[in-house]
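Asks: Pasting a structure here, questions to come.
The values are calculated or read from the model by the stated rules, or taken from the named source; none is laboratory data. Fair warning: this is a prediction, and the values are worked out from it, not measured in the lab. Reconstructed Cβ throughout: ideal geometry from the backbone, glycine too, with neighbour counts over all protein chains shown. Just so you know, the surface numbers come from the protein's heavy atoms only, side chains and all, with ligands and any DNA or RNA stripped out. Shrake-Rupley method; radii C 1.70, N 1.55, O 1.52, S 1.80 Å.
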Amino acid sequence: MTIAIFLFFVFFTLGLSWWLGKRAKTASGYFAAHGQVGWFVNGIAFAGDYLSAASFLGICGLIAFYGYDGFLYSIGFLAGWVVALFVIAEPIKKLGKFTFADALSAKFGNSRGITLAAAISTLVISIFYLIPQMVGAGSLIKPLLGLPEVLLGPYDVAGMKLSLTGHALGVIGVGGIVILIVVTAGMVSTTWVQFIKGSMLVVFCAVLVVAILARGVPTVAGPQEATLKQLTGRTDQQSDEKMVVSDVKLNRLLYGDTPADKPSAALGPAEFIKKLGDTTIVRSLPATQPNGPSIVLRDGATVGMMATPGDELLLPGGYFKGIRSEKLVDRLDFVSLMLALFCGTAALPHILIRYYTVKDSASARKSTVVGIIAIGFFYVLTLYIGLGAMVSGNIDPKDSNMSAPLLAQTFGQLPFAIISAIAFTTVLGTVSGLILAASGAIAHDLIETVFGHQASDHAKVNSAKWAAAGVGVIAVVLGILFKSFNASFLVGWAFNIAASANLPAIVMLLFWGGTTRQGIVASILVGLISSLTWLLLTKEAFVNIYGYTGHLGIAPFSQPGLVTIPLAFITLVVVSLMTRPRWVLRGLTG
Amino acid sequence: MSDPGASHDAHHRSPNQELGMVLFIIYFALYAGFIAITVYDYKLLGKELFGGINLAIGYGMGLIIAAVALAILYAWLAKPDPVEPNEAAEI
């Protein structure tokens, strides 16, 4: 049944895409849905576009594993929409046509330099944003279809061990379907896929939260306390109830078939939080602590066990260790992330292109408000889904991204199938938007504006489709390589790049009369290169990408935004002042 | 004659931009306050606000609700544009 529901969602999406694709033959239809999408549909499509695998799988997974810190992403992701609505939405709609490069260059007589810089930035950001979506897709498909860890191989190729894993197959599957969607129809079908996905995601997550609250917080008592002492070496005196949270297999090993033996009454939203805060929670985590309790799963993997007072899990610092550090530089990492999330949303290319699908700036404003309401409601739900997953007794300690679907599984196979299928369409909706933004950057910005290749509408749409396929293939390869990252963490990187490369240019263009085209080009390139270089020199890159276990990295902290966003602003001001037209300088000097 | 090198004609603020800027500053102050507390004294966020809800949860939820409330306020107060020239069509 799980697979049947999943396949229904996939074929429904593809069918819808094909049917709507028949209406989008022109460049205006392909890139901007003819600018005729209604503001309410566009608002929900904003939610469908924005609530990606990082929001659903990543945030819920982080909360389930580490508590409150995942919710920090919810706060930051929504806060970014305030910038989008109050600063960006209406002017960007008035200035642009198909892409954000149009808006930046419009005031300068369609500058090729600006278009080139903006197109490169769009491509880099879209690809960085695509990676976590693909990672999330791979995580989903493997358990959903019951795929083994390794499907084929490993093969020894030139000294490297290569194999086709269940995760890789998931990434390839999503990539293939999304390329089909974008190639068949463009923005028209992408809008409707995002609208349907956004609606379903919010509605079904609300239903899931109602079920979580109705179940309350089941706990274990009695004999398990002894086990808890053995595991942790201490007894927590703060609470009289002990909760065991872990992989189902783990629970079987430790406590028999039931993860909890003391059912709870239904709880209200505040009571649920209070109950969690009053309870000691034993979590199984992917990494073992030195000399800490750990246990070996049936598949041979070792996971650590940790007992933590619930009220501590409802405080920041469980995942972002820097928050609780004495060192200022560690705390700056967190500040930098929150700044990037705040500034990044309004600079994401796949969000910006949605402003060209509505007819006027009033529609742009209204659709952003609808988007904020839907997205804000969803982010409130993430806290309960994450905490519900934490105490569900059904967590995969090796993959935080699977926490929300596995939580749904504790309510039965049907909810699991529905939530997994929705998560899958979540990936489809966001990836479609990203690939469309990237293909627009290539076909419209690079080929037509920068290289001056004037083609017919039909040829332009065709080149965009080829570009979409190429970007999709790159995303698939990177999605396989970045398997071990949490989806939200990777999206945080994309926000840093977007906030550094795009936002200073957009804001200064709108609010400072002295902005020159040279200033904009320099700002985009400095923001892009500095943030990208910083990210590739972080500890996470050295350990997870280059394979240097234990390497501390070269960058002082993981999130570059705190340094690279101001750097891009300063660059724009300095270069603009240096390249100001003479008549302006004469006017200034009297 | 306008010079294509600079963007001097783009900076006449509309009433909506003025309103948006005020609401933006209000929200930014709330957001910055949250980050400041988290960085300088995260334990303060453990203080109970009401009914077992600590400041961390209350402030975080408050930021989400504030974003939604300010967005609705903006939509309510924003003035319709007198003309809607689609400048993009001229590009």
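Asks: How much length is gained if the chain between A:S199 and A:L481 is pulled fully straight, taking 0.36 nm per residue apart and subtracting their Cα-Cα distance, in nm to one decimal?
Replies: 98.4 nm
Asks: Here's something else I'd like to know. Using the Kirkwood formula on the Cα atoms of the range A:463-557, what hydrodynamic radius do you get, in angstrom to one decimal?
Replies: One decimal place: 15.5 Å for the Kirkwood radius.
Asks: At 20 °C and a viscosity of 1.002 mPa s, what translational diffusion coefficient does Stokes-Einstein give for the range A:350-471, taking Rh as the Kirkwood radius over Cα pairs? Give it in µm²/s as a whole number.
Replies: 121 µm²/s
Asks: Another question about this same structure. Roughly what % of Cα-Cα distances in the range A:409-486 sit above 17 Å, to the whole percent?
Replies: More than 17 Å apart: 60 percent of the Cα pairs in the range A:409-486.
Asks: Report, by chain and number, residues whose modeled amide H sits under 5 Å from the one on B:L49, excluding near sequence neighbours (fewer than 5 apart, same chain).
Replies: Amide H to amide H, under 5 Å and 5 or more residues apart or across chains, B:L49 pairs with B:N54, B:L55.
Asks: Starting from the range A:305-340, pick out the trypsin sites (Lys or Arg not before Pro) whose DSSP state is loop and whose Cβ has at most 11 other Cβ atoms within 10 Å.
Replies: The qualifying sites are A:K327.
Asks: Along the range B:50-65, what does the Karplus equation 6.51 cos²θ - 1.76 cosθ + 1.60 (θ = phi - 60°) give for ³J(HN,Hα), rounded to whole Hz, x for Gly and Pro?
Replies: Coupling constants for the range B:50-65: 6, x, x, 8, 7, 5, 4, 5, x, 5, x, 4, x, 5, 5, 5 Hz.
Asks: Could you give me the radius of gyration and the Dmax of the range A:317-403, taking only the C-alpha atoms into account and expressing both in angstrom?
Replies: 18.0, 52
Asks: If I ignore ligands, DNA and RNA and count only protein heavy atoms, how much of A:I127 is accessible to a 1.4 Å probe, in Å² to the nearest 10?
Replies: Surface accessible to solvent at A:I127 totals approximately 30 Å².
Asks: Computed on protein heavy atoms with a 1.4 Å probe, what is the summed buried accessible area for the chain pair B and A, in Å² to the nearest 100?
Replies: For B against A, buried area totals roughly 5100 Å².
Asks: Can you check how the C-alpha radius of gyration of the range B:14-78 compares to 2.2 N^0.38 Å, as a plain ratio?
Replies: In units of the 2.2 N^0.38 Å rule of thumb, it is 1.33.
Asks: What is the Cα centroid distance between the range A:464-534 and the range A:383-458, reported in whole angstrom?
Replies: Taking the Cα centre of the range A:383-458 as reference, the centre of the range A:464-534 is 19 Å away.
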